[in-house]
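Worksheet: the structure to be examined is printed underneath.
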Amino acid sequence: MLQKYIANTLEELPVIAKDILSMHNKERIFILEGDMGAGKTTITKALCRQLGTTDNVCSPTFSIVNHYLSKEMGDIYHFDFYRINNEQEAFDIGFEEYIYSGSYCFIEWAERVINLLPSHYTIISIKEVEKDKREITIKINNSL
């Protein structure tokens, strides 16, 4: 199944995030794909808000992982693997424990840890089509 959205403004993201989470309500692992500056962290903020966190959602570029808490959904983890040099670094921070915890995990630059990913996850691809306009495509990866 492939879903597509066009976000013309940031104000449209909460509705898109709500729809994504509703359509994929059993999913917990979300891979965010897109060029630098495409909006991966911005859509993650919208998704986390829909999940009920009031924490400051920001890019974990330097910390690699950010932890947010939602009263309704519990722990939420946000990863950014842009700065890692190899998969061992992700393994060393306990990445596999996070993704198999049953908590929501949003992962940026997942191609850098491809061998550590579970066989089933949802991919959110973001592409800038014009200034401030994004095409968001959702698909399921299931290599079972």
Once Lys and Arg are counted +1 and Asp and Glu -1 for all other residues with Cβ under 9 Å from that of residue 135, the total becomes +3
Suppose R0 equals 22 Å. What FRET efficiency, 1/(1 + (r/R0)^6) with r the Cβ-Cβ distance, do residue 101 and residue 19 give to the nearest 0.05? 0.30
Go through 18/139; 26/131; 26/71; 71/139; 71/133; 45/71 and tell me which ones have a Cα-Cα distance over 22 Å in this structure. 26/131; 71/139; 71/133
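In which sequence would 65, 15, 57 go, from the one with the fewest C-beta neighbours within 10 Å to the one with the most? Let's see the in-between values first.
Numbers: 65 17, 15 13, 57 20.
Going from sparsest to densest Cβ surroundings: 15, 65, 57.
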Rounded to whole Å and sorted largest first, what semi-axes of the equivalent ellipsoid does the C-alpha gyration tensor of the chain yield via the square root of 5 times each eigenvalue? 22, 17, 16
Would you kindly state how much longer the chain becomes between residue 35 and residue 137 on full extension, computed as 0.36 nm times their sequence separation minus their alpha carbon distance, in nm to one decimal? 35.3 nm
Please give the contour-minus-distance gain from residue 82 to residue 67: 0.36 nm per residue of separation, less the Cα-Cα distance, rounded to one decimal in nm. 3.7 nm
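Given charges of +1 on the Cβ of Lys and Arg and -1 on the Cβ of Asp and Glu, with all other atoms neutral, how large is the dipole of the chain about its Cα centre, in debye to the nearest 20?
So the magnitude is around 380 debye.
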Of the chymotrypsin sites (Phe, Trp or Tyr not before Pro) in the stretch 1-63, those whose Cβ has at most 12 other Cβ within 10 Å and which sit in DSSP loop: 62
Sorted largest first, extent of the stretch 38-114 alpha carbons per principal axis (Å): 33, 28, 18
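Each reported figure results from applying straightforward, stated rules to the coordinates on display, with no laboratory input. Source: prediction; values computed, not measured. A quick note on method: Cβ atoms are made from the backbone with ideal geometry, for glycine too, and the neighbour counts reach across all protein chains shown.
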